[in-house]
1. So residue 498 ticks every box in (1) modelled with pLDDT under 80; (2) open to solvent by 50 Å² or more (accessible area, probe 1.4 Å); (3) closer than 30 Å to residue 343 by Cβ but one. Which box is left unticked?
2. Looking at (1) over 12 Å from residue 429 (Cα atoms); (2) surrounded by 24 or more Cβ atoms within 10 Å (Cβ to Cβ), which is the only condition residue 342 fails?
3. Please specify each residue of the range 269-317 satisfying the condition of being crowded, with 19+ Cβ neighbours inside 10 Å, under 30 Å from residue 370 (Cβ atoms) and among the hydroxyl-bearing types (Ser, Thr, Tyr).
4. Exactly one condition in (1) crowded, with 20+ Cβ neighbours inside 10 Å; (2) touching a Leu at 6+ places or on another chain (Cβ under 6 Å) is not met by residue 241; state its number.
5. Within the range 292-316, which residues are without any contact (Cβ under 8 Å) to a residue 24 or more places away in the chain and either over 20 Å from residue 255 (Cβ atoms) or not in a helix (DSSP H, G or I) (or both)?
6. Go through 179, 266, 231 for me and flag whichever is crowded, with 17+ Cβ neighbours inside 10 Å, modelled with pLDDT of 65 or more and not in a loop (DSSP other than H, G, I, E, B).
7. Suppose the filter is farther than 30 Å from residue 409 by Cα and open to solvent by less than 100 Å² (accessible area, probe 1.4 Å); does residue 511 pass it?
8. State yes or no: is residue 384 in contact with a Gly (Cβ under 6 Å, 6 or more places away or on another chain), modelled with pLDDT under 85 and surrounded by fewer than 23 Cβ atoms within 10 Å (Cβ to Cβ)?
Amino acid sequence: MNFELWHIVVIAMAVFATGVGIGVLIRRQLGKKSLEEAESKASSILRDAEHEAKNLRKEAWLEAKDIKLKSRSEFEAESQAKQKELHQLEKRLQAKEDNLDKKFNLIEKKEEEVQKADQSITDKKKHVEGLEKRYMEIVAEARKKLENLSGISAEEAKRQLSESMLDEAKQDAARGILEIEERAKEESAKKSKYIMATAMERMASDYVAERAISVIQLPGDEMKGRIIGREGRNIRALEAATGIDIVIDDTPEAVILSGFNPVRREVARIAIQNLIADGRIHPTRIEETVEKAEKEVNASIKEAGEQLCLELNVANVHPELIKLIGSLKYRYSFAQNVFEHTRQVAHIAGMMAAELGMDQAKAKRAGLLHDIGKAVSHEVEGSHALIGMEYAKKYREDPDIVHAIGAHHEDIDQNSPLDLVVDAADALSGARPGARREVLEAYVKRVEDLEKISQSFKGVSKAYAIQAGREIRVMVENDNVSDAEALVLSKDIAKKIEEDMTYPGQIKVTVIRETRATEYAK
């Protein structure tokens, strides 16, 4: 049994070994076949790759050949162009060299000519020096003979000759000036008259009289006693609160407010009117009423400034400047209300700027602000033009406008057309007949100075100031002053007036020369 089992096992092992061997053999056969197939595929792929590589090398070689041929042709074309350009440049250089040679030859010829000319000049100079020497000798001899014959020295003759030549030169200059002025008048008279007439025609103004007092009408004379109060305490409280003198005299049913500050005078007027209407007049009530009146006046000042800015279409004005503008309605200059004067100047400046092709808005703004210094001149020392300029600069106005404000009375130099326009507009508004009232003494003194200055010139017989001192008429001696000298005399008198006098606007100087023939019938 065991033997059979072992035999079976041996047989099984043999069968297993045989199967394994057969399997190995079969596997080897299959592997060999697969390897052959793989080697066949690899050989095929390798052949394809070699064929493709040959094709690629051929294509690359052909492409490189094309590029080489193309580059060679481009290089040859570029080389030909460069050679052509170099050839042309060589031709131009050769032409320039030829021109330079010609110029050098000309220069050499010119130098030779200059040398010859120098030599000729030197010779002539020596000859002239000899002639000059001989001339001086002849002149000296002639001078001695003339001095002996005439009986006057050479210096005296020179003086007489220079005076004669100076008179002739003055007459020639006067005639020339007259001709130039005539031509200028022909060209400018029409245009200037049009500008001035247009500006004045389109501007209407109201006349406002200056007053240093305000009069308040009372409902009855018994109200005077209530205003004075017991032992004068009410009137003292009013004067202390307002800073204005209150005059109660024999004028029936009236109280007079006296003061040079028009704003305070207006506050006092409103306060007293409110106290009279209320009926309660005592120190405490007076202080409350005056404070309320101050607020009312300040509000009206601000409103007036804003309305004027709106009327002139001037925007972005600083609030402090608006207050200064508004307060001008309570100020007067030679009986002319400064607020109305400011309105006129702004309008006139704008119209003149429009006629002259300038910035109309800037001219109006400068005219609006030109007199703001008068609103603070009682508090700050100095010219109102310079004070206004500082305020405008402080509140960042345009530099041109700031300079025009300071220059409108020539406190600083006028260096722009805007300065002149504002100055002219100010003169048109302030210096027109009837616009302002002067103190009698100042007026008489100006008239006397005008006549005195005019009569100080040689040849003047009489001088008369007319047109309220706006014109001076000068009568000259016919025998001593010619027509041409009369023109020079008018200019000299005008210049002397400008240097020695201060006045608003302008003064016309008219020199009159006439020939009178008189005979008597006997």
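The values are calculated or read from the model by the stated rules, or taken from the named source; none is laboratory data. Computed from a predicted model, the values in this text were never measured in an experiment. Cβ coordinates were reconstructed from backbone atoms using ideal geometry, including for glycine residues, and neighbour counts include every protein chain displayed. Accessible surface is based on the protein model in full, side chains and every heavy atom, while ligands, DNA and RNA are left aside. Shrake-Rupley method; radii C 1.70, N 1.55, O 1.52, S 1.80 Å.
1. Only one criterion in (1) modelled with pLDDT under 80; (2) open to solvent by 50 Å² or more (accessible area, probe 1.4 Å); (3) closer than 30 Å to residue 343 by Cβ is unmet by residue 498, namely (1).
2. Exception for residue 342: condition (1).
3. The answer is none; no residue qualifies.
4. (2)
5. Of the range 292-316, the ones without any contact (Cβ under 8 Å) to a residue 24 or more places away in the chain are 292, 295, 299, 303, 305-307, 310, 315-316.
Answer for the range 292-316, where residues must be without any contact (Cβ under 8 Å) to a residue 24 or more places away in the chain and either over 20 Å from residue 255 (Cβ atoms) or not in a helix (DSSP H, G or I) (or both): 295, 299, 303, 305, 306, 307, 310, 315, 316.
6. Values: 179 fails: crowded, with 17+ Cβ neighbours inside 10 Å; 231 fails: crowded, with 17+ Cβ neighbours inside 10 Å.
Result: 266 is the single residue among 179, 266, 231 that is crowded, with 17+ Cβ neighbours inside 10 Å, modelled with pLDDT of 65 or more and not in a loop (DSSP other than H, G, I, E, B).
7. Values: farther than 30 Å from residue 409 by Cα: no; open to solvent by less than 100 Å² (accessible area, probe 1.4 Å): yes.
Spelling it out, it is not the case that residue 511 is farther than 30 Å from residue 409 by Cα and open to solvent by less than 100 Å² (accessible area, probe 1.4 Å).
8. Numbers: in contact with a Gly (Cβ under 6 Å, 6 or more places away or on another chain): yes; modelled with pLDDT under 85: yes; surrounded by fewer than 23 Cβ atoms within 10 Å (Cβ to Cβ): yes.
Against the criterion (in contact with a Gly (Cβ under 6 Å, 6 or more places away or on another chain), modelled with pLDDT under 85 and surrounded by fewer than 23 Cβ atoms within 10 Å (Cβ to Cβ)), residue 384 qualifies.
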